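The values are calculated or read from the model by the stated rules, or taken from the named source; none is laboratory data. This structure is a prediction, so every number in the text was calculated from the model and none was measured. Positions of Cβ are generated from backbone atoms using ideal geometry, with glycine treated the same way; all protein chains shown enter the neighbour counts.
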Amino acid sequence: MNFTDYQNNISRKPIQLVILELDYCSLTFGTSPCLATGVKCYNTFATCKYKQAFTKTIKEYRYINHYASINSINQLNAKPYISTIQFMPTELNEDKTIPARCKIELFDENDTDVDIDKYINERVNNILEIKGTHFKKLIERNPNYRGRYIKIYEGYEGLDFSEFKQRATFKIDNIKRDKNKITIECIDLIKALDEIKYPIRLSAKILEDLGAAIKC
């Protein structure tokens, strides 16, 4: 069954999928060209011990609705943390334009770093002794999350990810933690363009007399 088949099914169960795309190093700790030693990093720039060799790729962090079934959690390889997703469309006023924004609220819980920590089996602490909630550790290891992409998909229980429909792509503006509740504030790609300074200001001067160089 495809997306349309599920959409027409009376017993359908909608599912939202959020994918964070954060910076990740493709190298292996201590293996050339990474010459780091000591306690292993988490393959993020903030935890990197040999930054001159950091080779940036993207790591996905997936989340679906908290009510999703075990089958959907496993099928989509996502954590069931989504509480609500609020879309705020672009507003056109006489004096200014308010760009589209999105606010995603998620739950947080203690996490063992399975499927996140590449070296989990090599660390001194036993997996059951690893402390900290999922988002607490994610933010500490990825403090440079601002401006990274976040994608929102919509589908149904039982639907393969390839059949999900992408609702929107935003950029992360801020992530707030309040005990076990997380709020991700997102901005649309047009708003992100506001931060680009163009044209670039240069310190330069013309050395030649343009009047003499141009023939009339």
Give me the residue from the stretch 23-45 that is among the small types (G, A, S) and surrounded by 15 or more Cβ atoms within 10 Å (Cβ to Cβ) and, out of that set, farthest from N121 (Cα to Cα). A36
If you take the residues of the stretch 154-167 that are in contact with a helix residue (DSSP H, G or I) (Cβ under 8 Å, 6 or more places away or on another chain) and either aromatic (F, W, Y) or not in a strand (DSSP E or B) (or both), which of them is surrounded by the most Cβ atoms within 10 Å (Cβ to Cβ)? L159
Looking at the stretch 29-70, which of the residues that are assigned to a loop (DSSP other than H, G, I, E, B) and small (G, A, S) is nearest to the chain's Cα centre (by Cα)? A46
So, Y67, is that one farther than 23 Å from N142 by Cα and surrounded by fewer than 19 Cβ atoms within 10 Å (Cβ to Cβ) or not? yes
For the structure I just gave you, tell me whether P80 is modelled with pLDDT of 95 or more, in contact with a strand residue (DSSP E or B) (Cβ under 7 Å, 6 or more places away or on another chain) and either surrounded by fewer than 16 Cβ atoms within 10 Å (Cβ to Cβ) or outside any loop (DSSP other than H, G, I, E, B) (or both). yes
